[in-house]
Amino acid sequence: MSNSYKNEKMTDTERISFVKNTKRKDDYLIIMISIIGVLGFLIIWQLAVVFGLLPSRYVPMPTEVIKLFAVKLVDPNPEGAVLGVHILASLQIVLTGFLLAIVVGVPLGLVMGWYKGFDSFMRPIFEILRPIPPVAWIPLTILWIGIGLKAKAFIVFFSAFVPCVINAYAGIKQTNPVLINVAKTCGASNFTTFYKIGIPSALTMTFAGVKVALGNAWATLVAAEMLASSAGLGFMILQGRQFARADIIILGIVVIGVIGIIFASILGYVENRMLGWKK
Amino acid sequence: MQKNNVVMSEAERKSFLLNKIYKILPIISVVLLILLWFIAAGAENSNFPSPQEVFLRFITLQQKPIKEFNLFQHIWISLIRVFIALIVSWIIGIAFGILIGWNKKANALFSPVFTAFRSVPPLAWVPLMTMWFGTGEFPKILLVFMGALMPVVVNTQSGIANVAKMYLDVGTIFNANGKQLLIEIAIPSSLDAIFAGIRTSTSAAWMVVLAAEMLGGRSGIGFLIVRGMNSGDYALCLLSMVCIGIVGALLAIMTKYLERLVCPWTIIK
């Protein structure tokens, strides 16, 4: 739009190369600006601490966080575990809860969306339990299951369960009625139609739900690890608060963020592989 | 309406009967849920509170307030925090979302840093915020603000960036300038996306305020839960959970009505 086109006449090849060139320049500019944005943020942060605009006791410098990252890889002090152990412990909790939510939530949503009787039975229960956020389940979880891995996975499960159900439900509700009628005309039973037509056409929506679920599961981690634990990224952050070590907290936050991004990109890849035929 | 003297075919009679069953089933399921609660509470040596106990706890809480607030005041305190944070996050979030959705250079400059912040769950900020700002009002509102800001920005940005190209082209043909394109075409056509963000942000805010109050606070509904948990007063926990559920549902309904008021064309049904 903002490109200034030359007035003199160009041959087609010239025009193509001109457009390509401006596009390449634009892309290059965009990438440069992105890099400037990130670097600028880090540099401003660093300088603000160096010049004492922010108290260094509460705001560690980026360089310190990086240094701490290297140290934490091997040094369990002060909260009692190295970074790898924290990450593994957190992954264990989150993946248990997340997989459980998929195994329970997706079929539940699919069946609810297809069979009306089951829908009218389950819907009220689901609607009653849905608005209660996962954090609010913590006391009851302690009462029922204690404070072990199961209890933490249960809290994560709750946050991941709801989007799985809702999306599977909405997805199967949107099945094209023409397809259903074709199946009926060809004499398919209700179950066959559900299995062969309902489920495949609900897959896109379901997958979107699974993605949200994984994000939610990972976001609930800190809440789940408020329950007594001896390792885990959420535990590390909370301990950092106990020791008043802002660098530990920020390192934990950064690691949680990075793993969240990795998760999202893995799921995006899986989605492309699994649902490539839809596009 | 079906009447008895109308002759119905076999299939019609069957579907009529099924419809009746479908109407009764929700009631049965809710009754079953409540029964289950009674049974779970009645089991031997379980300290799971029964519905009566929860109700009695509600009455005692009205008479003997905790930290000088009764139940409704605690809920109100939480709600005030949510509302302040929501309004600020809507104003800033929509403005920022429009900026990075409309202007490619601004997007390139801000969105990497923003994505980094967004991928950190709001709960992970809680320890840092309590360390920096203590346990007063400000850190809680800030936390809720951060939790609510992300969905608004993301939805606004994608709404503005994905305006149907044809609409913009039509605007260009009619000689609209950049400002008109943005205000008269892009923003109205992405209102539904913006509202999707507002809906998500409301439920996120309600969740974050609970977590913030649970991890350090002296008032609010999240504080009540922790109080109940620490003193083994599970009736109080359950009472707060019920209230949280009800308020959460009410907030969802309220945003739906707000959406119907502001942009009625986005609601299909």
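The values are calculated or read from the model by the stated rules, or taken from the named source; none is laboratory data. For clarity, every value in this text was computed on a predicted model and none was experimentally measured. A quick note on method: Cβ atoms are made from the backbone with ideal geometry, for glycine too, and the neighbour counts reach across all protein chains shown.
Within segment A:158-189, take every residue that is in a loop (DSSP other than H, G, I, E, B) and out of contact with any helix residue (DSSP H, G or I) (no Cβ under 8 Å at 6 or more places or on another chain) and give me the one that is farthest from the other protein chains (Cβ to nearest Cβ).
If we filter segment A:158-189 for residues that are in a loop (DSSP other than H, G, I, E, B), which is where we start, we get A:174-176, A:186-189.
Add one more test, that the residue is out of contact with any helix residue (DSSP H, G or I) (no Cβ under 8 Å at 6 or more places or on another chain), and what stays is A:186-187, A:189.
Working: A:Cys186: 20, A:Gly187: 17, A:Ser189: 16 Å.
That would be A:Cys186.
In segment B:5-38, what count of residues is obtained for those that are assigned to a loop (DSSP other than H, G, I, E, B) and either exposed (fewer than 11 other Cβ atoms within 10 Å of the Cβ) or at pLDDT 85 or above (or both)? Step through it out loud before you land on a result.
Filtering segment B:5-38 for residues assigned to a loop (DSSP other than H, G, I, E, B) gives B:5-9.
Now narrow it down to the ones that are either exposed (fewer than 11 other Cβ atoms within 10 Å of the Cβ) or at pLDDT 85 or above (or both): B:5-7, B:9.
Summing the residues that are assigned to a loop (DSSP other than H, G, I, E, B) and either exposed (fewer than 11 other Cβ atoms within 10 Å of the Cβ) or at pLDDT 85 or above (or both) in segment B:5-38 gives 4.
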Study note, to complete from the structure: Output for Cβ contacts, cut-off 8 Å, separation at least six or different chains, first residue over 14 Å from B:Leu99 (Cα atoms) in segment B:173-199, second surrounded by 13 or more Cβ atoms within 10 Å (Cβ to Cβ) and among the aromatic types (Phe, Trp, Tyr), reads B:Ile185/B:Tyr167; B:Ser189/B:Tyr167; B:Ile198/B:Trp90
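Table: residues versus (1) crowded, with 21+ Cβ neighbours inside 10 Å; (2) within 12 Å of chain B (Cβ to nearest Cβ); (3) out of contact with any helix residue (DSSP H, G or I) (no Cβ under 8 Å at 6 or more places or on another chain).
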{"position": "A:Ile199", "(1), (2), (3)": "no, no, no"}
{"position": "A:Thr206", "(1), (2), (3)": "yes, no, no"}
{"position": "A:Gly209", "(1), (2), (3)": "yes, no, no"}
{"position": "A:Ala224", "(1), (2), (3)": "yes, yes, no"}
{"position": "A:Ile266", "(1), (2), (3)": "no, no, yes"}
Study note, to complete from the structure: Of the residues in segment A:182-197, those that are over 37 Å from the mean Cα position of the chain (by Cα) and on the phi < 0 side of the Ramachandran plot number 6
Revision key, fill the gap. The correct count of residues that are surrounded by 12 or more Cβ atoms within 10 Å (Cβ to Cβ) and either within 16 Å of B:Met241 (Cβ to Cβ) or within 29 Å of the chain's Cα centre (by Cα) (or both) in segment B:39-59 is 12
**Study point:** Filtered residue count, segment A:56-104, keeping only those that are surrounded by 14 or more Cβ atoms within 10 Å (Cβ to Cβ) and among the acidic types (Asp, Glu)
**Key:** 2
**Study point:** Residue under evaluation B:Lys140, criteria (1) among the charged types (D, E, K, R); (2) surrounded by 23 or more Cβ atoms within 10 Å (Cβ to Cβ); (3) over 22 Å from B:Ile221 (Cβ atoms), criterion not met
**Key:** (3)
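For segment B:78-101, state whether one or more residues are over 30 Å from B:Ser240 (Cβ atoms) and out of contact with any helix residue (DSSP H, G or I) (no Cβ under 9 Å at 6 or more places or on another chain). Spell out how you get there, then give the answer.
First, the residues of segment B:78-101 that are over 30 Å from B:Ser240 (Cβ atoms): B:91-92, B:94-101.
From what's left, out of contact with any helix residue (DSSP H, G or I) (no Cβ under 9 Å at 6 or more places or on another chain): B:91.
Within segment B:78-101, one or more residues are over 30 Å from B:Ser240 (Cβ atoms) and out of contact with any helix residue (DSSP H, G or I) (no Cβ under 9 Å at 6 or more places or on another chain).
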Exercise for review: Might you check whether a residue that is over 30 Å from B:Leu36 (Cα atoms), over 26 Å from the mean Cα position of the chain (by Cα) and facing chain B (nearest Cβ under 10 Å) occurs anywhere in segment A:69-83?
Suggested key: no
Study note, to complete from the structure: With criteria (1) under 20 Å from B:Asn103 (Cβ atoms); (2) more than 14 Å from every other protein chain (Cβ to nearest Cβ), A:Leu29 comes up short on (2)
Check your understanding: Can you tell me which residues in segment B:119-167 are at the interface with another protein chain (Cβ under 10 Å from one of its Cβ atoms) and modelled with pLDDT of 90 or more?
Key -> B:Gly147
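Confirm whether B:Ile98 is under 20 Å from the mean Cα position of the chain (by Cα) and part of a helix (DSSP H, G or I).
Working: under 20 Å from the mean Cα position of the chain (by Cα): no; part of a helix (DSSP H, G or I): yes.
No: the conditions fail for B:Ile98.
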Check your understanding: What is the number of the single condition among (1) surrounded by fewer than 22 Cβ atoms within 10 Å (Cβ to Cβ); (2) modelled with pLDDT of 85 or more; (3) not acidic (Asp, Glu) that B:Asn70 does not meet?
Key -> (2)
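Looking at B:Ser89, B:Ser78, B:Ser111, which is the one that is modelled with pLDDT under 90 and either within 14 Å of chain A (Cβ to nearest Cβ) or closer than 22 Å to B:Ser190 by Cβ (or both)?
Working: B:Ser89 fails: modelled with pLDDT under 90; B:Ser78 fails: modelled with pLDDT under 90.
Only one candidate passes the filter, namely B:Ser111.
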Exercise for review: Would you point out which residue out of A:Ile237, A:Ile155 is part of a helix (DSSP H, G or I), surrounded by 20 or more Cβ atoms within 10 Å (Cβ to Cβ), free of Cβ contacts under 8 Å to residues at least 40 places away in the same chain and within 13 Å of chain B (Cβ to nearest Cβ)?
Suggested key: A:Ile237
Practice item. Kindly establish whether A:Leu143 is within 8 Å of chain B (Cβ to nearest Cβ) and either closer than 19 Å to B:Ala235 by Cβ or in contact (Cβ under 8 Å) with a residue 40 or more places away in the chain (or both). Key: yes
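Could you check segment A:240-254 and list, in sequence order, the residues that are part of a helix (DSSP H, G or I) and facing chain B (nearest Cβ under 10 Å)? First the steps, then the outcome.
To start, the set of residues in segment A:240-254 that are part of a helix (DSSP H, G or I) comprises A:240-242, A:246-254.
Of everything in segment A:240-254, those that are part of a helix (DSSP H, G or I) and facing chain B (nearest Cβ under 10 Å) turn out to be A:Gly240, A:Arg241, A:Gln242, A:Ala246, A:Ile248, A:Ile249, A:Ile250, A:Gly252, A:Ile253, A:Val254.
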Exercise for review: Give just the number: which of (1) within 14 Å of chain B (Cβ to nearest Cβ); (2) hydrophobic (A, V, I, L, M, F, W, C); (3) within 19 Å of the chain's Cα centre (by Cα) does A:Leu95 not satisfy?
Suggested key: (1)
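Report the residue count in segment B:39-55 for those that are closer than 19 Å to B:Met229 by Cβ and in a helix (DSSP H, G or I).
So in segment B:39-55, the residues closer than 19 Å to B:Met229 by Cβ come out as B:40-41, B:46-50, B:53-54.
Those left that are additionally in a helix (DSSP H, G or I): B:40-41, B:53-54.
Counting residues in segment B:39-55 that are closer than 19 Å to B:Met229 by Cβ and in a helix (DSSP H, G or I) gives 4.
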